[in-house]
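Structure, as structure tokens:
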Amino acid sequence: MRDTGGFSGFAADQRPALLVTAHLLTGADRPAADLVRRGLLRAWPAWRRLPPDAGAGEQRALALRGLARAHLAPTRRWLRGDGVLTEDGGGRAPGAWWTSPADAEAARRLGAALDTLEPAERAAVVLRAHEGLPVPAVAALLGRPAAEVRTLVGAALARLAPEVAAADLPSRLDGLAAQSDARTLDDVPDGATLVRQQRGRRLRLSAGVTAVLALLVLLPSVAGRTASAPAPAPAAAPVDGGSTPAGATWQRPTAGSLADDPRFLDGVQRLAWPMAPPSSGSRQVAFAGDVLGSRWALVLGRTSGVLRGQWYVGPAGTDPAGLRAEGTIEVSEGGTAAHLSRSAGGPVLLVLTEREAEVEYSPGVEVRADGTADPRWTPVPDAGGIAAVRLDDASAPVRYRVLAAGAVQETGRPATGSERPVPEPSTPPPALRPGPGDVGPLPWTLALDTLTSATGLTAADLDPVVLWLGRITGPAGSTAEATVLAAVVPSGAVVTTTAYALPRATTPGGTGGSCGSQAHPAGTDPTSLTVVARCQVSDGRGRQVPSVLVTAPPGVTAVRMGFNPEAPVLDQPLQDGFANLGGVSVTFTHFTRDGEPGDISHTGPGDLFPS
């Protein structure tokens, strides 16, 4: 078990960067400080389980997860800021003294726009646009399915569109964060105090928050990037192709056709970062060159102890001033920097890794005739020091893997320079088994998107049918719309996918997510299938409830559920082939129907298409 002194250091290291993100989540300084305190409290149990040699990326993810979960916790509604800067005596929005009145007014407008978002939407779009995290990483931090996170980000961007374009949001969020003043955040405890608070939580609840705040041991004020007027960035020293700046950990020379052009490398190193710029002394150009008709550059640097990378792209042959920022990434533990660009004349995958390694990519999962499934792997050719390939489908769920001597060293998803578009709702065909209640097009759209995005196939390739369509139990007494889709893939296998949705008139597209997918051998009649799916229905406001859906052919009167198909523990009667168990916290994994075993579908490990 790790000692509390170590947690003090962890809390002190994470606090400055967390304060910036917390300000964007709450809209005001004091609530931001409280959110950081509660976020670190939530991180304490998981921190105790971290190995002593845990990397900076793992520690940062743990801290961000605590912050995000604290933001979505029920207590958040009393602590959230109003997002409006207090007016001074002259009726103007007072900015920080180091920013202009115009910047302060722009920050005020963006803060007001962010306050129109639901908490989960705000968390998703801040983590995506400000932290630069890919959708799967945001989903892991929020504890939500990736499909739901994509919907949350799309809804947030739609609401914010009257104030800010999606491409400008990262820089506008930086402008809003720059209005916060860390000198007012003097009520955030240090690590040792947080540990004591965690141990005495029950006592604190009974004695009252006020008495506990009086006992806090204060951290010295840490001036983060928003605490005082930012100092001018020092000039970056020229870099040659083989140098590694102090503070960087990328122990490789610069790759690419421009690796031996010090003037170009110096110019690239000086380019602005849209989000969380590192100090110039820690920056290193990892790649610079022309690939697949465009000029690319990757600059690495440390921010908040994490090695991040910023990609730039422009026309082939352009100078550094002609490059634009494409996407911010976090370099993997295995030392791989992977990027998926959707704007360089079509989708392009770039993977920078050890030069002797081989790289493969998968544009989707192949479902075989026997019902088993695996990614389709294709070699990525070397393009002058970097693995690069132009893709056919910009929406494909690309994965990559790195091999050395034939053994897989690393597998992952590339960061993207632009958000994958949320599909437009489409009208579903009539349901083979109509369920209770009126249902709109969103659950069908989400289920179809889950299937097509995972396989790289189109609806025309699949000819899908709606096996069931109806309503199931949602959180706080609500009902959610849900559908079970069935489709025959090219191998002849049958895939079933379940999705739910909670449409809202005030949120374009509503909110929803997947309940998992399964495959059945070729020759299976979709109408003969019994599908049992466990949905974790979330309303986008931090409230969620498990809801188990059962749909079976006419004449089936019951299913039996449990953790082992040979030893079921629950007999569930069906009415017209349907049942819904809302709020059941027991996570059954198997069912039997007329003695025939089956698996209960769900997202996460065991899903046919894991996020």
_Portion, in percent, of the accessible area of segment 106-182 that falls on carbon or sulfur, probe 1.4 Å_ = 59 percent
*Please turn the phi angles of segment 591-601 into ³J(HN,Hα) values with the Karplus equation 6.51 cos²θ - 1.76 cosθ + 1.60 (θ = phi - 60°), one per residue in order, whole Hz, x for glycine and proline.*
8, 10, 10, 6, x, 8, x, x, 9, 7, 7
*First check a/c for segment 433-602, with a ≥ b ≥ c the square roots of the eigenvalues of its C-alpha gyration tensor; if it is under 1.5, answer rounded, and if not, answer prolate when a/b is larger than b/c or oblate otherwise.*
oblate
*Over segment 262-416, what is the relative contact order in whole percent, taking alpha-carbon pairs under 8 Å and six or more residues apart?*
17 percent
_Could you compute the net charge surrounding R560? Neighbours are other residues with a C-beta less than 15 Å from the C-beta of R560; K and R count +1, D and E count -1._
-4
*Given R₀ = 41 Å, FRET efficiency for A112-Q251 by Cβ-Cβ distance, to 0.05?*
0.35
*Under the definition of Cα pairs under 8 Å and six or more residues apart, what whole-number percent is the relative contact order of segment 433-602?*
18 percent
*With a 10 Å radius around each residue's Cβ, average the other Cβ atoms per peptide and rank 63-72, 134-143, 161-170, highest first.*
63-72, 134-143, 161-170
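Quick one: pull the percent of accessible area on segment 433-602 belonging to carbon and sulfur, 1.4 Å probe, ligands and nucleic acids left out. Intermediate results must be reported in sequence, preceding the final value.
On the way: 3410 of 6460 Å².
C and S fraction of accessible area: 53 percent.
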*So how do 527-537, 263-273, 371-381 stack up, highest first, on mean other-Cβ count within 10 Å?*
527-537, 263-273, 371-381
*Once both labels are modelled 7 Å past Cα along the beta-carbon direction, what's the D438-A558 spacing in nm?*
3.7 nm
*Accessible area per residue of segment 262-416 at 1.4 Å probe, in Å²?*
38 Å²
*How would you order 323-329, 430-436 from highest to lowest mean count of nearby Cβ atoms within 10 Å?*
323-329, 430-436
*Does a label point 7 Å from the Cα of A165, set along Cα-to-beta-carbon, have any residues of segment 105-138 with amide nitrogen under 19 Å, and which are they?*
106-107, 110, 129-130
*Per-residue HN-Hα couplings for segment 19-26 [Karplus 6.51, -1.76, 1.60; θ = phi - 60°; Hz; x = Gly/Pro]*: 4, 5, 5, 5, 4, 5, 7, 10
*Accessible surface of segment 262-416, 1.4 Å probe, proportion on carbon and sulfur as whole %*: 50 percent
*Read phi for every residue in segment 133-149 and hand back ³J(HN,Hα) as whole Hz from Karplus 6.51 cos²θ - 1.76 cosθ + 1.60, θ = phi - 60°, with x for Gly and Pro.*
8, x, 4, x, 5, 5, 4, 5, 5, 8, x, 10, x, 4, 4, 5, 5
*So how exposed is S257, as accessible area in Å² (1.4 Å probe, rounded to 10)?*
90 Å²
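The values are calculated or read from the model by the stated rules, or taken from the named source; none is laboratory data. Fair warning: this is a prediction, and the values are worked out from it, not measured in the lab. We place every Cβ from the backbone using ideal geometry, glycine too, and count neighbours over all the protein chains shown. The protein model used for the area step is the full one, side chains on, heavy atoms only, and it has no ligands, DNA or RNA in it. Shrake-Rupley method; radii C 1.70, N 1.55, O 1.52, S 1.80 Å.
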